[in-house]
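Below is one structure, written out as structure tokens; comments come after it.
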2 protein chains.
Amino acid sequence: MATTGKQLFTTLTPDGTLTVAIEDVSFPDPTGNQVLVKMEAAPINPSDLAILVGAADIENASFSEGKFVANMPEPFNKGSKARHGLKLPAGNEGAGTVVAVGDSDKAKALMGQRVACVPGNAYSQYCIADAGSCLPLGDHSAEDGASAFVNPMTALGFAENAKMDGQNAILHTVGASNLGQMLTRICQEDGLGLVNIVRKDDQAELLKKMGSTHVVNSAGDDFMAQLRAAIEATGAFYGFDPIGGGKAVDTAFKAMEQVAVSRMTEYSRYGSTQPKRMFIYGRLDTGMTMLSPSYGFGWTLSGWLLFPFLQSAGGETVARMRKRVLDNLTTTFASHYKARVNLEEMLTKDAVTDYRAMKTGEKYLVTPWS
Amino acid sequence: MATTGKQLFTTLTPDGTLTVAIEDVSFPDPTGNQVLVKMEAAPINPSDLAILVGAADIENASFSEGKFVANMPEPFNKGSKARHGLKLPAGNEGAGTVVAVGDSDKAKALMGQRVACVPGNAYSQYCIADAGSCLPLGDHSAEDGASAFVNPMTALGFAENAKMDGQNAILHTVGASNLGQMLTRICQEDGLGLVNIVRKDDQAELLKKMGSTHVVNSAGDDFMAQLRAAIEATGAFYGFDPIGGGKAVDTAFKAMEQVAVSRMTEYSRYGSTQPKRMFIYGRLDTGMTMLSPSYGFGWTLSGWLLFPFLQSAGGETVARMRKRVLDNLTTTFASHYKARVNLEEMLTKDAVTDYRAMKTGEKYLVTPWS
């Protein structure tokens with residue numbers, strides 16, 4: 001008995017035509033370890049936007065009920081060659097109620113429960129999810145649990161990764177984001193130093209009110225001096241950046257190196273021997289990452305993704321991280337939403353334009369049955 | 001009884017005035033583990049040029065006997081702030097004969113021997129060197145041994161590092177350089193795959209004559225296709241780049257990712273899970289390193305320097321590497337020189353202009369007593 005419901009699909013054709021539309025689909029009965037989740041809430045995270053809208057020309061797109069068609073400009077269209085012609089679902093994560101289960105014990109145990117899940121097609125009325133990756137939410141609402149995975153596990157992942165690498169402090173280039181606020185609370189709880197970079201005074205105020213001691217405003221005249229002082233005080237030669245393009249990473253490396261050089265007693269043409277480590281975990285800026293030759297050779301920059309990290313961290317660590325998220329879902333790991341939209345509403349021009357801007361503290365929640 | 005001789009010094013003042021001059025200095029008697037080496041030959045490596053000339057305006061410099069004064073343009077002058085006002089020696093490595101020794105057994109054992117050494121002031125008639133870092137050259141000439149350290153140990157270091165990281169193949173962005181030719185021979189001897197990128201047909205010919213099987217000319221119309229094919233054939237998702245600025249690393253990552261994606265059966269918005277690793281070990285191009293957002297998050301880029309690598313590799317590995325260099329000094333690790341200049345000749349306009357261009361296969365050798 002297949003279940004029928006609405007689901008969002010996004011398709012890019014080789015000529016650069018992006019079609020995002022709601023369709024009626026039928027969901028198969030779950031088998032084995034699978035469960036069928038009636039989705040109640042799913043956030044629109046920056047990591048969802050790349051596939052959902054990307055760099056499409058929304059201003060000149062054509063909108064109709066539950067659908068829009070937009071042009072994907074070059075070089076972004078060519079850069080997405082691998083998805084040309086594929087009809088793809090969207091929505092990494094969400095929460096809902098398990099309404100059908102496969103025949104494994106793990107799956108059966110979830111029948112009727114509200115769970116958070118990571119199905120990859122969360123912008124949908126139903127999703128098939130793996131029982132092992134579902135987090136039972138107990139008495140929490142679907143809205144409480146909708147963002148229980150991506151941001152909480154990523155922020156926790158930063159802290160875990162730093163500890164694995166023997167670090168006592170972290171630098172974060174977008175301190176006031178939803179994820180940045182979680183990271184601020186995590187670092188406080190774990191006694192890790194944290195340098196929070198923000199772009200505005202109100203963001204700095206927000207973080208300071210949360211008790212963040214090293215908040216640096218990149219719009220300030222004395223930004224580099226402040227950044228150096230914060231790195232000096234915390235020892236944060238290790239950081240995470242979701243911007244990707246431009247000079248966010250370069251600036252962090254520069255400040256780290258300047259702190260390290262100021263501690264050297266002898267000049268070296270090769271710069272300091274202080275290892276400097278940055279990770280790019282997002283692409284809020286899809287421009288080129290620019291690295292200047294001004295911090296020697298003692299630096300490493302990597303891409304960072306949640307799933308490969310969890311895989312390398314191992315099951316025991318992941319289970320511990322998930323328990324911590326669940327135990328603190330409405331405190332440390334709370335997410336806030338600016339607006340709630342159903343599947344049709346999320347494809348209107350106003351909504352797309354607004355959530356694609358990815359403004360700090362203005363996250364959207366998709367509620368597919370509202 | 002101090003020994004007197006000529007030595008090169010390079011000084012940059014805060015106003016951007018670079019003075020490079022030969023001076024008469026007196027060298028102290030060696031103590032303990034030190035030896036005094038009468039230098040006979042020292043190469044001008046790219047790694048020496050940064051401190052020797054850097055980006056100075058040679059065209060409009062003023063030249064006199066054993067001296068030139070040039071302007072260091074911005075932002076390079078400001079970028080060299082840490083050396084402002086310091087009078088620095090130059091020349092990483094060279095070879096000569098030990099003419100005086102400290103009282104340790106290690107030092108005494110070297111008396112009268114011809115050695116290769118890494119004193120940091122090799123553009124000099126005498127150098128104080130640590131006995132432990134001297135490589136006795138036996139019957140080899142000083143010219144044979146002058147470049148026994150930087151290029152041989154760096155090329156060997158790449159192979160060692162690749163093996164430590166479980167790699168079977170290396171990509172090198174400047175295949176036809178002196179170091180690239182050494183790497184080609186090392187990879188052949190060790191059974192490591194090697195992708196050599198060159199810029200010219202004659203460089204490609206040179207490497208092919210040496211038996212290099214995967215030589216790709218970046219000036220060719222089908223460069224990316226050829227590069228992908230070479231990566232596919234060798235499995236080289238791990239490479240070294242001495243250019244630094246521009247898109248050399250970006251191009252390598254792109255080609256690696258395209259090979260990895262072509263092997264995937266399912267599309268992923270995050271790119272392939274194939275780890276891609278590049279190291280920047282030089283700055284032939286002092287412009288910005290540009291990284292495009294077109295190869296997912298499964299990549300890591302680091303600076304690479306010989307001394308930190310040797311330190312992390314440990315004494316046993318370093319001893320094995322040094323023995324291999326000495327055993328194959330005129331074959332695998334042979335260096336060739338375009339010109340021989342004494343200390344005064346190396347500071348003429350023609351010479352500086354020529355060696356600063358760092359043309360492939362046109363290395364200079366400084367012979368301070370000629």
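The values are calculated or read from the model by the stated rules, or taken from the named source; none is laboratory data. Since the model is a prediction, treat every value here as computed from it, not as a measurement. No Cβ is skipped: glycine too gets one built from the backbone with ideal geometry, and neighbour counts run over all protein chains shown. Just so you know, the surface numbers come from the protein's heavy atoms only, side chains and all, with ligands and any DNA or RNA stripped out. Shrake-Rupley method; radii C 1.70, N 1.55, O 1.52, S 1.80 Å.
When you look at the Cβ of every residue in A:296-308, what mean number of other chain Cβ atoms sits within 10 Å? Walk me through the numbers on the way to the answer.
Values: counts 2, 13, 5, 4, 7, 7, 9, 14, 3, 6, 2, 4, 5.
Mean number of neighbouring Cβ atoms from other chains: 6.
Treating the point 7 Å from Cα along Cα-beta-carbon as the label, what are the nm separations from residue B:353 to the other copies, to one decimal?
Inter-copy label distances (nm, one decimal, shortest first): 5.9.
Using the crude model of +1 on Lys and Arg Cβ and -1 on Asp and Glu Cβ, and no other charge, please compute the dipole size for the range B:151-309 relative to its Cα centre, in debye to 20.
Numbers: 14 positive and 15 negative charges, 33 e Å.
Value, rounded to 20: 160 debye.
Could you list the trypsin sites (Lys or Arg not before Pro) in the range B:316-362 that lie in coil according to DSSP, counting only those with at most 16 other Cβ atoms within 10 Å of their Cβ?
Answer in residue order: B:338, B:359.
By per-residue mean of other Cβ atoms within 10 Å, what is the highest-first order of B:204-212, A:104-112?
B:204-212, A:104-112
Add -39500 (n - 2.57) for each DSSP H run of 4 or more in the protein assembly as shown, then divide by its residues: what number comes out at 222 nm, to the nearest 500 deg cm²/dmol?
That calculation yields -8500 deg cm²/dmol at 222 nm.
Could you give the angle, 0 to 90 degrees to the nearest 10, between helix B:223-234's Cα long axis and the longest principal axis of the Cα atoms of chain B?
Taking Cα atoms only, the helix is inclined about 90 degrees.
Say a label goes 7 Å from Cα toward Cβ at residue A:369 in every copy; what distances in nm does this one have to the rest, shortest first?
For residue A:369, the other copies' label points sit at 9.2 nm, shortest first.
Kirkwood hydrodynamic radius (Cα pairs, Å) of the range B:221-349?
17.8 Å
For chain B, what is the convex hull volume of its Cα atoms per residue in Å³?
Hull volume normalised by residue count: 144 Å³.
Considering the rotational relationship between chains B and A, which residue of chain B contributes the beta-carbon of minimal distance to the axis, and what is that distance to the nearest Å?
That would be B:301, 3, residue then distance in Å.
Using the Kirkwood radius over Cα pairs, work out the Stokes-Einstein diffusion coefficient for the range B:85-193 at 10 °C and 1.306 mPa s, in µm²/s as a whole number.
D = 101 µm²/s.
Take peptide B:85-92, look around each residue's Cβ out to 10 angstrom, count Cβ atoms belonging to other protein chains, and average those counts.
Mean shielding count: 1.
Identify all lysines with a Cα-Cα distance to residue B:87 below 18 Å; exclude those on the same chain that are fewer than 8 residues away in sequence.
Partners within reach: B:6, B:67, B:78.
Restricting the calculation to Cα positions, tell me the Rg (one decimal) and the Dmax (whole number) of the range A:1-93 in Å.
So, for the range A:1-93, Rg and Dmax equal 14.9, 46 Å respectively.
How far, in nm to one decimal, is residue A:235 from itself in the other copies if the label point is set 7 angstrom along Cα toward Cβ? Shortest first, please.
4.0
Which one, B:107, B:137, B:120, is farthest towards the positive end of the dipole of the range B:87-164 when Lys and Arg carry +1 and Asp and Glu -1 on their Cβ?
Most positive-ward Cα: B:120.
Below 13 angstrom from the Cβ of residue B:86, what's the summed charge of the other residues (Lys, Arg +1; Asp, Glu -1)?
Within the 13 Å Cβ shell, the charges total +3.
If you count, for every residue in B:267-280, the Cβ atoms of partner chains within 10 Å of its Cβ, what is the mean?
Average neighbour count from other chains, rounded to a whole number: 4.
Give the lysines whose C-alpha is closer than 25 Å to that of residue B:106, dropping any in the same chain fewer than 8 places away, or say none.
Partners within reach: B:38, B:323.
Set Lys and Arg Cβ to +1 and Asp and Glu Cβ to -1, take the dipole of the protein assembly as shown about its Cα centre, and tell me which of B:56, A:334, B:258 lies farthest positive.
Of B:56, A:334, B:258, it is A:334.
To check you understand DSSP bridge types, tell me what percent of the beta bridges within the protein assembly as shown (both residues inside) are antiparallel, rounded to 5.
65 percent
Report, in degrees rounded to the nearest 10, the 0 to 90 angle that the Cα long axis of helix A:178-190 makes with the longest principal axis of chain A.
60 degrees
If you count only protein heavy atoms and use a 1.4 Å probe, how large is the accessible surface of residue B:40, to the nearest 10 Å²?
Number for this one is 60 Å².
Pick from A:103, A:144, A:241: which is most flexible by mean-square fluctuation in a GNM of chain A where alpha carbon atoms under 10 Å apart are linked?
Among A:103, A:144, A:241, the largest GNM mean-square fluctuation belongs to A:103.
Counting Lys and Arg as +1 and Asp and Glu as -1, each charge on the Cβ, what is the dipole of chain B about the Cα centre in debye, to the nearest 20?
Value, rounded to 20: 600 debye.
Out of every Cα pair in the range A:151-309, what percent are spaced more than 19 Å from each other?
More than 19 Å apart: 51 percent of the Cα pairs in the range A:151-309.
Compute the long axis of helix B:248-262 from its Cα atoms, compare it with the longest principal axis of the Cα atoms of chain B, and write down the angle in degrees, 0 to 90, nearest 10.
Long axis of B:248-262 versus the principal axis of chain B: about 30 degrees.
Where Rh denotes the Kirkwood radius from the mean inverse Cα pair distance, what is Rg over Rh for the range A:282-370?
Working: Rg = 18.7 Å, Rh = 17.2 Å.
Rg divided by Rh gives 1.09.
How many percent of Cα pairs in the protein assembly as shown exceed 47 Å?
Of the Cα pairs, 29 percent sit more than 47 Å apart.
Could you give the dipole magnitude of the protein assembly as shown about its Cα centre, charging the beta-carbon of Lys and Arg +1 and that of Asp and Glu -1, in debye to the nearest 20?
480 debye
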